[in-house]
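The values are calculated or read from the model by the stated rules, or taken from the named source; none is laboratory data. Predicted, not measured: the structure shown is a model, and the values here were computed from it. Quick reminder, even Gly has a Cβ in these numbers, built from the backbone with ideal geometry, and neighbours come from all protein chains shown.
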Amino acid sequence: MAGGVALFGGSFDPIHTGHLIIARSVAEKLDIERIVFLPSGNPPHKPTGLAAGIDHRIEMVRLAIADEPLFTLDEFDARRDGPTYTLDTIRHFAGQVSHAEKLVWIIGADSLVALATWHRAAELVDACRIVTAVRPGWTSPDLSVLKPTLTNEQVAKLRSQILETPCIDISATDIRHRVRNNASVNYLVPDAVRRHILENGLYREGETESAD
Ligand code: ATP
């Protein structure tokens, strides 16, 4: 499908090379003209709070995507009150694109199996095209875990939108641990993001929630 917009939401705590590579890969494979990164202000799946404040997470996304014309940053999910529900995001952006069916929401494989726990998951599946980025050779898990929240048709729709992307074994959790332990995060994050983390003392030991 030519054109279209893909939304990529996440806590981005911090954004890392894995996010960037799969976003680029999805754009190429689906011929997407714009990927919108949406740092989440209050992700419902991370109720214990985030390590870095929203202003730092936004700034790290901004630094990470600066040289990529396909990528943009939007603060819609960052500045809302209450839990950042994806369905609200989709409804907001659906009004901005000409064909709602072209609106893609990108997730990783770990998010696919947890989709039944998302706010109004069935409506969300109907409202957009959820593309799951998986590593090559990845074997789909038993998606019956998504029932009875989703119908057979909805599960089939999700399964048909699984897309093979490079396997990048990087997680924000690991990056935070590495910073805390004074280990290098070279190449795991873009260099400008690495400098932002170090210069602002993010993810150091004893940190709870850093100020913005
Ligand atoms: P954390 O380790 O803190 O849980 P994360 O690295 O998974 O963070 P998020 O910001 O929570 O990063 O991820 C946003 C989205 O990107 C999620 O849908 C997640 O599944 C996906 N994702 C994150 N890292 C990868 C990766 N290396 N490969 C594929 N998808 C990924």
Check your understanding: Can you tell me which residue in region 1-19 is modelled with the highest pLDDT, limited to those that are more than 10 Å from the ligand (Cβ to nearest atom) and surrounded by fewer than 22 Cβ atoms within 10 Å (Cβ to Cβ)?
Key -> Val5
Exercise for review: Specify which of the listed residues (Val145, Val189, Val113, Val155) is modelled with pLDDT of 95 or more and under 30 Å from Phe93 (Cβ atoms).
Suggested key: Val189
Review point. Is there a residue in region 192-199 that is surrounded by fewer than 20 Cβ atoms within 10 Å (Cβ to Cβ) and either within 15 Å of the ligand (Cβ to nearest atom) or in a loop (DSSP other than H, G, I, E, B) (or both)?
Key: no
Practice item. Report, by residue number, each residue of region 96-151 that is surrounded by fewer than 18 Cβ atoms within 10 Å (Cβ to Cβ), charged (D, E, K, R), away from the ligand (no atom under 16 Å from the Cβ) and closer than 21 Å to Gly10 by Cα. Key: Arg120, Glu123, Asp126
Review point. Being free of Cβ contacts under 8 Å to residues at least 24 places away in the same chain and part of a helix (DSSP H, G or I), is that true of even one residue in region 110-118?
Key: yes
Check your understanding: acidic (Asp, Glu), surrounded by fewer than 20 Cβ atoms within 10 Å (Cβ to Cβ) and in contact (Cβ under 8 Å) with a residue 40 or more places away in the chain - does that describe any residue in region 166-185?
Key -> yes
